[in-house]
Protein chains: 2
Amino acid sequence: MITIVGELVIGEKRCLNSELWHACAGPLVCLPTLGSRVVYFPQGHSEQVAASTNKEIDGHIPNYPSLPPQLICQLHNVTMHADVETDEVYAQMTLQPLTPQEQKDTYLPAEMGISSKQPTNYFCKTLTASDTSTHGGFSVPRRAAEKVFPPLDFSQQPPAQELIARDLHDVEWKFRHIFRGQPKRHLLTTGWSVFVSAKRLVAGDSVLFIWNEKNQLLLGIRRASRPQTVMPSSVLSSDSMHIGLLAAAAHAAATNSRFTIFYNPRASPSEFVIPLSKYAKAVYHTRVSVGMRFRMLFETEESSVRRYMGTITGIGDLDPVRWPNSHWRSVKVRYSCYVIVSALCNDHFSVTNDFSVYVMLFQH
Amino acid sequence: MITIVGELVIGEKRCLNSELWHACAGPLVCLPTLGSRVVYFPQGHSEQVAASTNKEIDGHIPNYPSLPPQLICQLHNVTMHADVETDEVYAQMTLQPLTPQEQKDTYLPAEMGISSKQPTNYFCKTLTASDTSTHGGFSVPRRAAEKVFPPLDFSQQPPAQELIARDLHDVEWKFRHIFRGQPKRHLLTTGWSVFVSAKRLVAGDSVLFIWNEKNQLLLGIRRASRPQTVMPSSVLSSDSMHIGLLAAAAHAAATNSRFTIFYNPRASPSEFVIPLSKYAKAVYHTRVSVGMRFRMLFETEESSVRRYMGTITGIGDLDPVRWPNSHWRSVKVRYSCYVIVSALCNDHFSVTNDFSVYVMLFQH
DNA sequence: TTGTAGGCTTGTTGCCGACAA
DNA sequence: TTGTCGGCAACAAGCCTACAA
């Protein structure tokens with residue numbers, strides 16, 4: 001007799017805190033609205049799978065001539081998730097390709113997607129060697145502590161309190177918050193090292209605290225990207241995964257049935273599910289030509305947004321053989337020198353010369 | 001400029017120690033010979049993916065009428081692997097479906113597959129609470145220590161030596177082996193707790209030491225199955241994985257090109273790549289009928305093999321709609337009461353009543 | 001303002017035999 | 001024969017201030 005323990009629920013769908021999810025995902029990540037129409041790019045999905053499996057696509061992947069480079073879909077489900085092991089944020093979406101008839105319906109106003117409204121009362125700090133060593137606690141930046149932590153009772157000597165913060169999995173973490181030292185400073189002492197070792201944080205990773213409207217303290221992490229952490233999956237070969245993504249989309253398109261995808265903002269170079277209205281506006285109502293200036297947004301190390309201007313140097317298919325007439329990375333843009341790019345994954349590579357990238361018209 | 005560190009090689013193919021791999025995989029696991037012809041069962045592969053993603057197949061998966069329930073293939077590559085995080089053993093195989101013409105060639109003699117010859121000088125112990133606590137070391141069963149560890153110098157008081165053992169990743173682990181206490185016993189002290197915490201072993205997991213012909217000490221682990229450790233992959237939906245496996249096999253069959261699969265003996269209920277000669281012998285040269293006795297092999301907790309006799313109660317298609325004329329689990333066998341089954345994964349579930357299973361004719 | 005280091009206290013790890021299952 | 005415990009010693013964790021960047 002096989003006994004299933006009552007409390008153990010595998011694959012249970014809980015509602016993650018949206019504010020914390022978006023804060024961990026970064027300011028550039030935006031999820032389409034539930035029920036809206038979106039454009040799905042198999043090419044972009046393919047890029048994400050390639051990034052996740054650490055394997056380029058090679059010639060063994062069959063063509064799916066019946067699968068267009070962009071599918072207009074109804075978004076039936078969006079759920080936010082976080083990896084149980086690493087806390088990495090990702091989203092699950094259920095898409096249903098629309099018939100040409102259904103596509104003709106006029107756009108609804110609320111289809112632009114919910115931009116990631118970063119919370120106001122929050123701070124994000126990249127951990128130092130001292131923060132992560134077993135020797136001491138966490139040094140809280142002064143303005144951050146004053147803005148997002150509840151005020152201390154300064155009649156006590158030294159002023160101290162217990163903070164309780166919840167992470168993405170709704171797990172409580174308790175910290176002793178104390179204001180002491182010469183000069184005086186805010187510190188998290190007792191409880192901090194338990195958190196660091198439980199989350200396996202190292203110097204360079206970031207933690208982020210949010211004080212929300214309900215007077216709750218939320219706690220998220222953003223890992224510095226360590227390239228070697230991407231492992232082979234051992235479940236399915238990367239070729240089969242690529243074929244699976246294409247075949248699943250092709251089958252759903254042929255039968256107008258639903259299919260499910262995962263969007264992993266930190267693994268993927270670009271969003272591959274875009275609000276239809278945003279796509280239509282960019283593709284049908286924007287004139288682009290070689291020589292035009294093109295704006296791009298990047299996330300800085302302090303997780304704010306910076307604009308960079310580039311020049312369009314080419315327009316056309318990225319992969320004319322497999323994906324003719326695709327709007328995926330159809331615009332080639334050159335950016336000028338000394339741009340320090342801090343990509344989403346915190347892997348800040350510095351570009352000291354000119355560099356060119358293939359981007360989408362509808363990218364940010 | 002993106003710099004790739006020279007030493008860091010991702011996905012490098014090293015030759016794993018075959019003896020240790022087989023010992024960790026268990027006595028029932030057997031890999032087909034390189035270059036031989038094998039039979040591949042998409043159904044079985046599907047079962048493994050379902051077990052790995054913890055998700056049953058549902059109706060969303062399209063049929064692949066062009067894909068037969070068994071594909072005769074040439075085995076172009078077999079490599080043994082171990083998960084970097086968990087040490088879980090798995091194998092990667094490259095298969096090429098054969099044309100009807102190629103299938104007609106006569107069998108070669110060496111196509112029966114290399115059975116997992118368990119090493120003679122080895123022992124396997126399931127860890128106790130004391131073994132895994134931080135309070136002490138590892139208590140070595142006396143006969144085990146005398147059989148597989150190098151002899152101690154009993155002129156010392158107490159007799160002690162340093163043991164160096166290599167794991168599946170060729171990482172060295174050093175232990176102080178001492179013979180002390182009242183009554184006298186063999187213990188591993190210094191170095192043991194580092195190993196336990198590095199491998200994240202808990203009471204119930206097993207360790208296994210081999211003393212091979214080259215006078216090397218090998219060290220493997222077998223985890224007690226903890227069902228909740230199976231996580232959603234967040235790379236590809238389980239539906240897409242199922243479609244991918246079928247589409248990859250169908251594409252390879254249609255074009256007679258190679259495809260790659262992973263075989264995970266501890267996740268999968270059954271082997272789905274079988275030597276052709278074994279398959280042919282069982283399917284074409286064995287008469288079976290309802291009422292006949294049928295032998296099955298099971299792995300015991302001490303990782304030896306036990307035989308159980310059952311009675312065939314049915315013969316026919318497991319899934320007549322999707323997979324007509326399949327030899328995958330086409331035989332229904334009933335086993336009698338009080339069989340204590342210890343499956344490969346150490347999850348020993350006791351069966352106190354009769355139970356029936358669907359098996360393959362060519363199963364062990 | 002805040003990262004790191006030195007001093008000092010306290011809690012945990014880890015080696016030992018005793019004892020009992 | 002071997003699992004667990006109490007004793008004890010060594011060590012690391014963790015709280016504090018000092019100092020300098």
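Overview of values
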{"item": "All helices (runs of 4 or more DSSP H) inside the range A:1-116 with 1 or more residues being modelled with pLDDT under 90 and open to solvent by 30 Å² or more (accessible area, probe 1.4 Å)", "result": "A:42-53, A:100-103"}
{"item": "Counted residues, the range A:171-187 - those being surrounded by fewer than 13 Cβ atoms within 10 Å (Cβ to Cβ) and over 28 Å from the mean Cα position of the chain (by Cα)", "result": "4"}
{"item": "Among (1) under 23 Å from the mean Cα position of the chain (by Cα); (2) within 14 Å of chain A (Cβ to nearest Cβ); (3) β-branched (V, I, T), the one test that B:T255 misses", "result": "(1)"}
{"item": "Filter pass, B:G204 being open to solvent by less than 10 Å² (accessible area, probe 1.4 Å), away from DNA strand C (no atom under 11 Å from the Cβ) and more than 14 Å from chain A (Cβ to nearest Cβ)", "result": "no"}
{"item": "Residues of the range A:140-165 that turn out to be open to solvent by less than 40 Å² (accessible area, probe 1.4 Å) and not in a helix (DSSP H, G or I), as a count", "result": "8"}
{"item": "Looking only at the range A:171-198, and only at residues there that are hydrophobic (A, V, I, L, M, F, W, C) and away from DNA strand C (no atom under 16 Å from the Cβ), the one that is farthest from the other protein chains (Cβ to nearest Cβ)", "result": "A:W173"}
{"item": "Single unsatisfied condition, A:S225 versus (1) open to solvent by less than 30 Å² (accessible area, probe 1.4 Å); (2) farther than 23 Å from B:P62 by Cβ", "result": "(1)"}
{"item": "Unmet criterion (only one of (1) more than 16 Å from DNA strand C (Cβ to nearest atom); (2) closer than 26 Å to B:A198 by Cβ; (3) out of contact with any helix residue (DSSP H, G or I) (no Cβ under 7 Å at 6 or more places or on another chain)) for B:L168", "result": "(3)"}
{"item": "Failed condition for A:L168, given (1) open to solvent by less than 30 Å² (accessible area, probe 1.4 Å); (2) outside any loop (DSSP other than H, G, I, E, B)", "result": "(2)"}
{"item": "Some residue of the range B:267-279 being touching a strand residue (DSSP E or B) at 6+ places or on another chain (Cβ under 9 Å), open to solvent by less than 10 Å² (accessible area, probe 1.4 Å), of a type in the set (D, E) and more than 22 Å from B:P62 (Cα to Cα)", "result": "no"}
{"item": "Filter pass, B:S197 being within 16 Å of DNA strand D (Cβ to nearest atom) and open to solvent by 30 Å² or more (accessible area, probe 1.4 Å)", "result": "yes"}
{"item": "Filter result for A:G220 (touching a Cys at 6+ places or on another chain (Cβ under 6 Å), open to solvent by less than 30 Å² (accessible area, probe 1.4 Å), at pLDDT 90 or above and not assigned by TED's automatic domain parsing to the domain that holds A:D170)", "result": "yes"}
{"item": "Residue list for the range B:59-96, restricted to those being out of contact with any strand residue (DSSP E or B) (no Cβ under 9 Å at 6 or more places or on another chain), within 11 Å of chain A (Cβ to nearest Cβ) and more than 30 Å from B:R200 (Cβ to Cβ)", "result": "B:G59, B:I61, B:P62, B:N63, B:Y64"}
{"item": "Test: residue in the range A:268-291 that is in contact (Cβ under 8 Å) with a residue 24 or more places away in the chain and at the interface with another protein chain (Cβ under 10 Å from one of its Cβ atoms)", "result": "no"}
{"item": "Considering residues of the range A:171-194 that are under 16 Å from A:V207 (Cα atoms) and part of a strand (DSSP E or B) only, the residue farthest from DNA strand D (Cβ to nearest atom)", "result": "A:E172"}
{"item": "Inter-residue pairs, beta-carbon under 6 Å, first on the phi > 0 side of the Ramachandran plot and in the range B:200-226, second open to solvent by 10 Å² or more (accessible area, probe 1.4 Å), 6+ apart", "result": "B:G204/B:A224"}
{"item": "Meets criteria (among the aliphatic types (A, V, I, L, M) and open to solvent by less than 30 Å² (accessible area, probe 1.4 Å)) for B:A250", "result": "yes"}
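The values are calculated or read from the model by the stated rules, or taken from the named source; none is laboratory data. Just so it is clear, the structure is predicted and the values come from calculations on it, not from any experiment. As a convention, Cβ positions derive from the backbone with ideal geometry for all residues, glycine included, and neighbour counts pool all protein chains shown. SASA here: full protein model, heavy atoms, side chains in, ligands and nucleic acids out. Shrake-Rupley method; radii C 1.70, N 1.55, O 1.52, S 1.80 Å.
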